[in-house]
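Visitor: Pasting a structure here, questions to come.
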Amino acid sequence: MVKMHLLLYLMFMYMYLCGIFVFCSKRKHLLVMLLSLEFMVVCLFLSLMIFLSNFNYEFFFGMMFLTMAVCEGALGLSVLISMVRTHGNDYFNSFVVVRC
């Protein structure tokens, strides 16, 4: 049973690293970056649940983690909506940063 938990934990860590790779390589669209962030959060949540169940801990911290993940997702979605409303698309290179 411990080997099964270890294999699942390693699989979710591999998925997390794939999410980091997508986040670093696809920097053109904000929506793709937000989706890869949510994918990484889900992978971290699943590996946290495996860790907590392996040591017979309570799952209260998992609920706090999910609460923060939902807040992060809502904040990212609001930034995406405001960016689309002001610039017309979600390309990062479409808006100009002016330095004074």
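Visitor: Tell me, which residue of segment 49-100 that is among the polar types (S, T, N, Q) and over 18 Å from the mean Cα position of the chain (by Cα) is modelled with the highest pLDDT?
Guide: So the residue we want is Ser82.
Visitor: Return the only residue of Tyr57, Tyr16 being in contact with a Cys (Cβ under 8 Å, 6 or more places away or on another chain) and of a type in the set (Phe, Trp, Tyr).
Guide: Residue meeting the stated conditions: Tyr16.
Visitor: While we're looking at this one, here's another question. What tally of residues in segment 40-61 results from selecting those that are polar (S, T, N, Q) and without any contact (Cβ under 8 Å) to a residue 40 or more places away in the chain?
Guide: Selection size over segment 40-61: 2.
Visitor: A further question on this structure: For segment 7-16, state whether one or more residues are under 12 Å from the mean Cα position of the chain (by Cα) and at pLDDT 85 or above.
Guide: Scanning segment 7-16, I find at least one residue that is under 12 Å from the mean Cα position of the chain (by Cα) and at pLDDT 85 or above, so the answer is yes.
Visitor: When you scan segment 21-45, how many residues do you find that are over 24 Å from Ser82 (Cα atoms) and under 9 Å from the mean Cα position of the chain (by Cα)?
Guide: So the answer is 3.
Visitor: Only one of these conditions is not met by Ile50: (1) over 27 Å from Met4 (Cβ atoms); (2) touching a helix residue (DSSP H, G or I) at 6+ places or on another chain (Cβ under 7 Å). Which number is it?
Guide: The single condition Ile50 does not satisfy is (1).
The values are calculated or read from the model by the stated rules, or taken from the named source; none is laboratory data. Keep in mind that what you see is a predicted model, and the values were worked out from it rather than measured. So basically every Cβ, Gly included, is an ideal-geometry build from the backbone, and we count neighbours across all protein chains shown.
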